[in-house]
Amino acid sequence: MPLVSRVFAGLALSLCSVLAHAKDEVVVYSSRIDELIKPVFDAYTAHTGVPIRFITDKEAPLMQRIKAEGANTPADLLLTVDAGNLWQAEQMGILQPVESPLIDSRIPAQYRSSTHAWTGLSLRARTIAYSTDRVKPEALSTYEALAGEAWEGRLCLRTAKKVYNQSLTATLIETHGPAEAEKVVSGWVNNLSTDVFSDDLSVLQAIAAGQCDVGIVNSYYYGRLHRENPDLPVRLYWPNQEGRGVHVNLSGIGLTRHAPHPQAAKALMEWLTGPDAQAIFAEVNQEFPANPQVQPSAEVAGWGTFKADPVAVEVAGQRQAEAIRLMDRAGWN
Amino acid sequence: MVTAVLASLVLLPMVVLVAAWGDIQADIWVHLWHTQLPRVLGNTLKLATGVAVGVTLLGVSLAWLTSLCEFPGRRWLDWALMLPFAIPAYVLAFVFVGLLDFSGPVQTLLREWFGAGTRLPRVRSTGGVITVLVLVFYPYVYLLARSAFLAQGRGLSEAARLLGCTPWGARSAPRDRCWCVPGIDGNAGRLRCCVRV
């Protein structure tokens, strides 16, 4: 072969091998929407050059899809919200444990799976929102107190079908036992001013409009509404500060059992628990970083500090079925 | 052969769904029967009845007006009344709730003008859902009833009126009953009519 052709062949082969290596990508199945996770993934690709492909869908279809795909799944990571969902994914057998001392050192144990199947990335508080026009903060104390007579016809809640409420009820059962928890939930249902809403934003808007005086919402929905309308006559209250603390849940990520790129995926998981990614989560999503060394954004810090319920969040998954049945019996739709 | 293959592809998801019934968790069904199912089934019954009555009343009366009466704007209404065909039910539902809910712009404005106690009927209720579904589905009944009334011929109605029948007289009702039914019952109704005619 003439020298020029040999040189060309050699260049072509090495280019191919470089390209093949650059095909080290990570595929993520995410139930978090595009706007919330793209900034983080773009930052990772800019930092390391590894491309991330992801699809978004509701968590239940995603988990079933990974299960159905089995050993042929293209998914390396499952990114979803609520510890209940992550626990479910682990029970379904679609996740594999990741031993990473780095992740263990960055994320507190209560925000990780006890079997290393998943780790939390960002936290959200499901807390009380109240109308500044009609409620004095001194009148509020605990989640359980909202079941009392003083709040009859003044409470707005989201539907029991949403996993956030199922997890809230699950930790209620864990703390008080099923009988007492059912009394509290029945009290809440009795105090509803109107039918349950399908989302937290509607609950906040109902409080602002005067349809009810208090509600239980996730902190970042309040943040979102407050960003749009700084004059919103609604504020967050951190209940149970004398007792167990505020109910906290998380968004988290786990490595799938048959991930095609486990090393690259593990590297992404570790980066996501690091200060750069945690700061983006805090800024873009108005959540609390799961890594306690990273401060929340100034806006979120402005809502005040609070004591969080120290119970391990995976309890929300362990008691999810029990919680759903309890909510059905109590009439929480 | 090709049809069979295509048909089986289309049927596959439904087969999977039906096959899922082979694995029933009895305790969940017992729990649901004691908690959610009665209320949910009751809602379905209320909706089905309410919407059926609503579309009949609305569809038939509108068809009668536009096909057997003459008034200014009738020709425009003739086709305009079919426009809801283009609106999916969930879109109208979102618009309804977005506009007329407690926190929506209409009620907020009313509360500003007439005081904080002003209330409209609740949109997020069985009545609200029935209203939305009637407004979306009445064109089906309207279309069929209108063809029926037109096919019957205005000449006959006018002749009957000259001879002393009221506008609601015996001439109109029996044959139209044949044609109204397909709008709600579907094929079974149509079969009954063919035999009679």
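Worth a mention:
- Against the conditions (1) under 16 Å from residue B:132 (Cβ atoms); (2) within 14 Å of chain A (Cβ to nearest Cβ); (3) without any contact (Cβ under 8 Å) to a residue 24 or more places away in the chain, residue B:53 satisfies every one except (2).
- Test: residue in the range A:66-83 that is in the same structural domain as residue A:34 (by TED's automatic domain parsing), within 26 Å of residue A:24 (Cβ to Cβ), hydroxyl-bearing (Ser, Thr, Tyr) and exposed (fewer than 15 other Cβ atoms within 10 Å of the Cβ): no
- Picking from residues in the range A:210-268 that are in a strand (DSSP E or B) and within 14 Å of chain B (Cβ to nearest Cβ), the one that is nearest to residue A:75 (Cα to Cα) is A:215.
- Selection from the range A:194-207 of residues that are more than 7 Å from every other protein chain (Cβ to nearest Cβ) and part of a helix (DSSP H, G or I): A:200, A:201, A:202, A:203, A:204, A:207
- Test: residue A:277 is buried (at least 17 other Cβ atoms within 10 Å of the Cβ), under 16 Å from the mean Cα position of the chain (by Cα), away from chain B (no Cβ under 14 Å) and hydrophobic (A, V, I, L, M, F, W, C): yes
- Residue identified as under 19 Å from the mean Cα position of the chain (by Cα), more than 30 Å from residue A:170 (Cα to Cα) and buried (at least 19 other Cβ atoms within 10 Å of the Cβ) among A:268, A:272, A:255, A:250: A:268
- Only one of B:47, B:68, B:77 that is more than 14 Å from every other protein chain (Cβ to nearest Cβ), surrounded by 12 or more Cβ atoms within 10 Å (Cβ to Cβ) and under 30 Å from residue A:209 (Cα atoms): B:47
- Hits in the range B:114-146 (condition: of a type in the set (S, T, N, Q), within 13 Å of another protein chain (Cβ to nearest Cβ) and assigned to a helix (DSSP H, G or I)): B:126
- Scope the range B:18-44; condition assigned to a helix (DSSP H, G or I), surrounded by fewer than 16 Cβ atoms within 10 Å (Cβ to Cβ) and of a type in the set (Val, Ile, Thr); matching residues: B:18, B:28, B:30, B:40, B:44
- In the condition set (1) within 30 Å of residue A:67 (Cβ to Cβ); (2) crowded, with 23+ Cβ neighbours inside 10 Å, residue A:203 is compliant with all but (1).
- Top-ranked residue in the range A:184-193 [being outside any strand (DSSP E or B) and within 14 Å of chain B (Cβ to nearest Cβ); ranked as modelled with the lowest pLDDT]: A:193
- The set of residues in the range A:160-177 that are surrounded by fewer than 17 Cβ atoms within 10 Å (Cβ to Cβ) and either within 14 Å of another protein chain (Cβ to nearest Cβ) or part of a helix (DSSP H, G or I) (or both) comprises A:161, A:176.
- Residue list for the range A:174-189, filter: in contact (Cβ under 8 Å) with a residue 60 or more places away in the chain and in contact with a Leu (Cβ under 7 Å, 6 or more places away or on another chain): A:178, A:181, A:182, A:185, A:188
- Residue count for the range A:285-313, restricted to those that are under 15 Å from residue A:173 (Cα atoms) and crowded, with 23+ Cβ neighbours inside 10 Å: 1.
- Selection status of residue A:146, in contact with a strand residue (DSSP E or B) (Cβ under 7 Å, 6 or more places away or on another chain) and surrounded by fewer than 20 Cβ atoms within 10 Å (Cβ to Cβ): no
- Residue B:7 being surrounded by 10 or more Cβ atoms within 10 Å (Cβ to Cβ), over 20 Å from residue A:331 (Cβ atoms) and under 28 Å from the mean Cα position of the chain (by Cα): no
- Whichever residue in the range A:314-333 is away from chain B (no Cβ under 11 Å) and either among the small types (Gly, Ala, Ser) or touching a Lys or Arg at 6+ places or on another chain (Cβ under 7 Å) (or both) and, among such residues, is surrounded by the fewest Cβ atoms within 10 Å (Cβ to Cβ): A:317
- Just one of the listed residues (B:15, B:5) is more than 14 Å from every other protein chain (Cβ to nearest Cβ), over 22 Å from residue A:321 (Cα atoms) and in contact with a helix residue (DSSP H, G or I) (Cβ under 9 Å, 6 or more places away or on another chain), and it is B:15.
- Residue satisfying all of: in the range A:42-65; under 15 Å from residue A:266 (Cα atoms) and in contact with a Ser or Thr (Cβ under 9 Å, 6 or more places away or on another chain); surrounded by the fewest Cβ atoms within 10 Å (Cβ to Cβ) among these: A:51
- Looking at A:229, A:240, just one residue is touching a strand residue (DSSP E or B) at 6+ places or on another chain (Cβ under 9 Å), of a type in the set (S, T, N, Q) and assigned by TED's automatic domain parsing to the domain that holds residue A:140, and that residue is A:240.
- Any hit, the range B:97-113, residues being part of a helix (DSSP H, G or I), loosely packed, with under 12 Cβ neighbours inside 10 Å and more than 14 Å from chain A (Cβ to nearest Cβ): yes
- Candidates in the range A:97-154 are the residues that are part of a helix (DSSP H, G or I) and in contact with a Ser or Thr (Cβ under 7 Å, 6 or more places away or on another chain); of these, the one that is farthest from residue A:307 (Cα to Cα) is A:103.
- Cβ pairs under 6 Å, 6+ apart, first in the range B:11-31 and closer than 27 Å to residue A:328 by Cα, second surrounded by 10 or more Cβ atoms within 10 Å (Cβ to Cβ): B:31/A:325
The values are calculated or read from the model by the stated rules, or taken from the named source; none is laboratory data. The model shown is predicted, which means the values in this text are computed figures rather than measured ones. Every residue, glycine as well, gets a Cβ built from its backbone with ideal geometry; the counts of neighbours run over all protein chains shown.
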